[in-house]
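This report refers to the structure that appears directly beneath it.
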There are 2 protein chains.
Amino acid sequence: MNSISNLVDIYRLTNRKITPQRLAIFNVLDSNTDHPTAEEIYEQVKSQIGNVSLKTVYQTLNELESLNQIQIIDVGTGTSRYDPNVNQLHHHLVCQNCSKVKDIELDISGEMLKAFSQNSGEFKIDRVEVVIRGLCEVCLGKGSSKQSEL
Amino acid sequence: MNSISNLVDIYRLTNRKITPQRLAIFNVLDSNTDHPTAEEIYEQVKSQIGNVSLKTVYQTLNELESLNQIQIIDVGTGTSRYDPNVNQLHHHLVCQNCSKVKDIELDISGEMLKAFSQNSGEFKIDRVEVVIRGLCEVCLGKGSSKQSEL
DNA sequence: AGCTAATTAACAATCATTGTTATAATATAA
DNA sequence: TTATATTATAACAATGATTGTTAATTAGCT
Ligand SMILES: [Mn+2]
Ligand SMILES: [Mn+2]
Ligand SMILES: [Zn+2]
Ligand SMILES: [Zn+2]
């Protein structure tokens, strides 16, 4: 994602208005590495500026995606995650216990494409997404038996 | 997935009843490589035995997953896909035009783990899922301009 | 300050999936 | 083969994430 002042420029140039809601959403996303859900962003924005609607959050997030400022990722946890990291190719670690999502840098193109071309007949690759599932550092530390505690 | 007669045995051994609905669902899944949705399975079962409810289809599919007979995959198309291929490690190609899902065999563990251990601190890997997005053979043939036709 | 297009909030709607429950069907033993 | 216990089914309501609708509000410009 671009800097907030760049976003403001982009918004002005595309006839979009700079509202407190949008600015607060930009702020929450800026340098965020947590892969928050829309609901989480909504809560943070609300604590910053008092009033937003969840609909506005969704609208702005979809808008930012279509401006290529964020990516919307679905790692199978039931809700979409919003990721401002679009400049650096990366993949994701997903904790099966706490559902936290972390970035991981992986260059798989080499071996990938080699094995792939042997296997797949015709298929024009646009992108490759890797999700690694397991237990994060925190949940490992707690011991996996903690999973079933309430 | 096991053979249908094996499934019948498993069901009997675990105090489950063999119903026409379940048998029809087994049949639809048997050797199926289409990664159908619950709705699609429901339609096929309906054309075989006349009456089922979608709820029964979901129930049976979840049951088969917990018996490790199928896997439920989510490739971000908005609906879960049901895959009887659980004995052979594999990944998925997803067509961005027609949403078809195809199996692909890829052994990424080597390079993967190497790059990974350099990058990720502590994380206990359970499984690695790769989704390759692009255009399938059919949609390539039609030319990508067909995408916007109605 | 006033105009106008864009934005917001409130609310309803959607879609996939799951919960509830009264009825029906299977397995098994008399 | 019929009765019985138990599991499964269908119908329907409910859920949760996301999107649609619209009347009221606001940003950006004059
Ligand atoms: Mn990321
Ligand atoms: Mn598959
Ligand atoms: Zn964790
Ligand atoms: Zn296709």
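The values are calculated or read from the model by the stated rules, or taken from the named source; none is laboratory data. Given the structure is predicted, the values throughout are model-derived calculations rather than measurements. All Cβ positions, even for glycine, are placed from backbone atoms using ideal geometry, and neighbour counts span all protein chains on display.
Taken over region A:32-68, the criterion of being within 14 Å of another protein chain (Cβ to nearest Cβ) and within 12 Å of DNA strand D (Cβ to nearest atom) is satisfied by A:E65 alone.
Results for (1) under 14 Å from the mean Cα position of the chain (by Cα); (2) modelled with pLDDT of 95 or more; (3) within 16 Å of ligand 2 (Cβ to nearest atom); (4) part of a helix (DSSP H, G or I), shown as yes or no for each residue.
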site: B:V8; (1), (2), (3), (4): no, yes, no, yes
site: B:V28; (1), (2), (3), (4): yes, yes, yes, yes
site: B:E40; (1), (2), (3), (4): yes, yes, yes, yes
site: B:T56; (1), (2), (3), (4): no, yes, no, yes
site: B:Q59; (1), (2), (3), (4): no, yes, no, yes
site: B:T77; (1), (2), (3), (4): yes, no, yes, no
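Within region A:80-111, the set of residues being at the interface with chain B (Cβ under 8 Å from one of its Cβ atoms) and within 18 Å of A:L64 (Cα to Cα) is empty. Of the residues that make up region B:60-81, is at least one of a type in the set (V, I, T) and within 16 Å of ligand 4 (Cβ to nearest atom)? Yes - at least one qualifying residue is present in region B:60-81.
For (1) at pLDDT below 60; (2) surrounded by 16 or more Cβ atoms within 10 Å (Cβ to Cβ); (3) closer than 28 Å to B:S99 by Cα, each residue gets a yes or a no:
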position	(1), (2), (3)
A:N87	no, no, yes
A:H92	no, yes, yes
A:I104	no, yes, yes
A:I125	no, yes, yes
A:G134	no, yes, yes
A:V138	no, no, no
A:L150	yes, no, no
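So which of B:Q21, B:Q71 ends up being within 14 Å of another protein chain (Cβ to nearest Cβ) and either at pLDDT 95 or above or within 10 Å of DNA strand C (Cβ to nearest atom) (or both)? Going through B:Q21, B:Q71 in turn, the sole match is B:Q71.
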